[in-house]
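Beneath this line is the structure, given in structure tokens, with notes to follow.
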Amino acid sequence: MKIRYIAPFILFLFFYVNINSQTCKKETSMFCEKAILRHIKSLSSDAFEGRKTGTKGALKTKKYIINQFHSLNVKPLKRSYEQRFLFIEKRREYKATNVLGLIKGTKNPHKYIVISAHYDHEGIKKGKIFNGADDNASGLSALFSFGEYLKKNPPKHSVILAAFDGEELGLQGSKYFVENSMVSLKNIKMNINMDMISRSDKNELYVVGVEENKQLKYIVKNHKHSEKIKLIAGHDGYDDLDNWTYSSDHVNFYKKKIPFLYFGVEEHEDYHEPTDDYENIQPEFYVEAVKVIISVFKKIDDLQL
């Protein structure tokens, strides 16, 4: 980013945060519903150039995430929010950055739940911007709503809010995170991963990861989390031809034998297309989906992990 653009960009972010706080002061919901929609609309706009790893759009997204974490009093996991790394994909070297925030637990501060979403997407191809509203500005914006909720409702376990880079290039950010963990892996008790959660013509939100864990299965299947959308456990059975266990960043936790829940919707016609724009998400479904995920998190946080 050229120097002359830095000051206006910072001013924009400062103004944006203040607009959100003023708009939502009287809202009694889990989080500011207007804010989450503003976030997804902004992050999936042409200004972010499709958020491809290693591009100006990715740098702009990283700054946006850090600014939101600051505004929500989400502390850096260590000294910095940034976990930088390099990887090679198809003979090209990429410079990437995970953005990691921490909310300290009130009862079990040395046990961690990682709530994750990748922030990269496909970038620009043949002059067309792949904005990735559902994939995955939706999950990233939900991270901010988690931060907002936990600011008002401190968790029992410490929570790491992880915005992973390089997912579209081989799940690289989550791979680097678990292989170079800033906290002991034995103290990471759970991963909740969000990837594509903002639209479903069937009004269905899937959750993957319950089949091998009785506690998680009970939480998902024996509690009513919404009257408006269906939370369906599926796509993770051994006989499931469409198994999503390896489909997103949660798989790198799974490989380390860390329990996970992955929330997502079925693929749609705009998946990995330049038409995955804000105009094609379903705002009511999206807001309710995030509430459902927070509801599940609350039940998990109450467990002795």
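Annotations for the structure displayed:
- Any hit, region 268-287, residues being within 24 Å of Val178 (Cα to Cα) and either exposed (fewer than 14 other Cβ atoms within 10 Å of the Cβ) or without any contact (Cβ under 8 Å) to a residue 24 or more places away in the chain (or both): no
- Here Val114 clears all of (1) of a type outside the set (Phe, Trp, Tyr); (2) in a strand (DSSP E or B); (3) touching a His at 6+ places or on another chain (Cβ under 7 Å) except the condition numbered (3).
- For region 234-241, the condition holds for no residue, the condition being that it is under 17 Å from the mean Cα position of the chain (by Cα), open to solvent by 50 Å² or more (accessible area, probe 1.4 Å) and aromatic (Phe, Trp, Tyr).
- Residue count for region 206-229 under the criterion of being more than 22 Å from Ile258 (Cα to Cα) and not acidic (Asp, Glu): the result is 7.
- Residue in region 19-39 that is part of a helix (DSSP H, G or I), modelled with pLDDT of 95 or more and hydroxyl-bearing (Ser, Thr, Tyr) present: no
- Qualifying residue in region 78-86 (condition: within 17 Å of the chain's Cα centre (by Cα), open to solvent by 50 Å² or more (accessible area, probe 1.4 Å) and over 12 Å from Leu169 (Cβ atoms)): no
- Residue pairs meeting the criteria (Cβ under 7 Å; at least 6 apart or on separate chains; first within 24 Å of Lys175 (Cβ to Cβ) and of a type in the set (Ser, Thr, Tyr), in region 96-116; second open to solvent by 20 Å² or more (accessible area, probe 1.4 Å) and outside any strand (DSSP E or B)): Thr97/Lys62; Tyr112/Asn187
- Where Glu148 falls short, out of the listed (1) in contact with a Cys (Cβ under 7 Å, 6 or more places away or on another chain); (2) among the charged types (D, E, K, R); (3) within 15 Å of Lys78 (Cα to Cα): (3)
The values are calculated or read from the model by the stated rules, or taken from the named source; none is laboratory data. Note that the structure is predicted; figures quoted are calculated from it, not measured. We place every Cβ from the backbone using ideal geometry, glycine too, and count neighbours over all the protein chains shown. Note: areas computed on protein heavy atoms with side chains; ligands, DNA, RNA excluded. Shrake-Rupley method; radii C 1.70, N 1.55, O 1.52, S 1.80 Å.
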